[in-house]
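The values are calculated or read from the model by the stated rules, or taken from the named source; none is laboratory data. Quick caveat, the model's predicted, so the values are computed rather than measured. Please note: Cβ atoms are built from the backbone with ideal geometry, for glycine as well, and neighbour counts cover all protein chains shown.
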Amino acid sequence: MALTPSNMISLGATAPDFELLNVVTNQTQKLAELKGEKATVILFICNHCPYVKHLETAIVQLTNEYIPKGISFVAISANDAEKYPEDAPEKMREKALILGYKFPYLYDETQAVAKAYDAACTPDIYVYDKNLKLAYRGQFDDSRPSNQIPPTGKDLANALDAILNGNEVPKLQKPSIGCNIKWKT
């Protein structure tokens, strides 16, 4: 595991389009059909990363709170499933069902979508406004597997609340930190 920060791409960037396999429904889905009424959150996650595992229950709680408010969430795993079989689509499906994901969990087999988003780590979090312009990219909160701070999603929730209240999301944003995306060679 290589500890990796997210790439802090320019705010205002347009969300790259995609069409990926939803591992739960076994159907492909496009960004246009998953876009939220008020905002869209793209989460690059995976099954095996200890940073994602540390946050997964809090992620589910936060998404359950914000989905009814017009925010859509889309989780994408781009890891090399041959080298990391726990991140294979069938295991992703199991994880989504066990945790009760109310959001799609998509598999980026070619890793083209992760590259288009300039994703670097898991978790890597991007919040786009209703026009699919980047408003937030950064950490879920200050919690890490080793620091004894319970995960709350404070940083992500603050960004979502700003959007919902018609306020500007603060420009000072901390990068997410986690395992590097497992790129194919």
- Would the range 136-157 turn up any residue that is among the acidic types (Asp, Glu), over 15 Å from Val52 (Cα atoms) and in contact with a Lys or Arg (Cβ under 8 Å, 6 or more places away or on another chain)? yes
- Message: Yes or no: the range 12-28 includes at least one residue that is part of a helix (DSSP H, G or I) and touching a residue at least 12 places away in the same chain (Cβ under 8 Å).
- Response: no
- Hits in the range 1-11 - residues which are surrounded by 13 or more Cβ atoms within 10 Å (Cβ to Cβ) and in a loop (DSSP other than H, G, I, E, B): Ser6, Asn7, Met8, Ile9, Leu11
- Failed criterion for Val74 (all others in (1) without any contact (Cβ under 8 Å) to a residue 40 or more places away in the chain; (2) touching a Leu at 6+ places or on another chain (Cβ under 8 Å) hold): (1)
- Message: Consider the range 106-142. How many of its residues are within 14 Å of Pro16 (Cα to Cα) and either modelled with pLDDT under 95 or of a type in the set (S, T, N, Q) (or both)?
- Response: 2
- Message: Consider the range 77-136. How many of its residues are assigned to a helix (DSSP H, G or I), in contact with a His (Cβ under 9 Å, 6 or more places away or on another chain) and under 18 Å from Ile42 (Cα atoms)?
- Response: 1
- Complete set of residues in the range 29-67 that are under 17 Å from Pro16 (Cβ atoms) and assigned to a loop (DSSP other than H, G, I, E, B): Lys35, Gly36
- Note on the structure: Within the range 137-184, residues part of a loop (DSSP other than H, G, I, E, B), polar (S, T, N, Q) and either in contact (Cβ under 8 Å) with a residue 60 or more places away in the chain or surrounded by 12 or more Cβ atoms within 10 Å (Cβ to Cβ) (or both) come out as Gln139, Ser143, Thr152, Gln173, Ser176
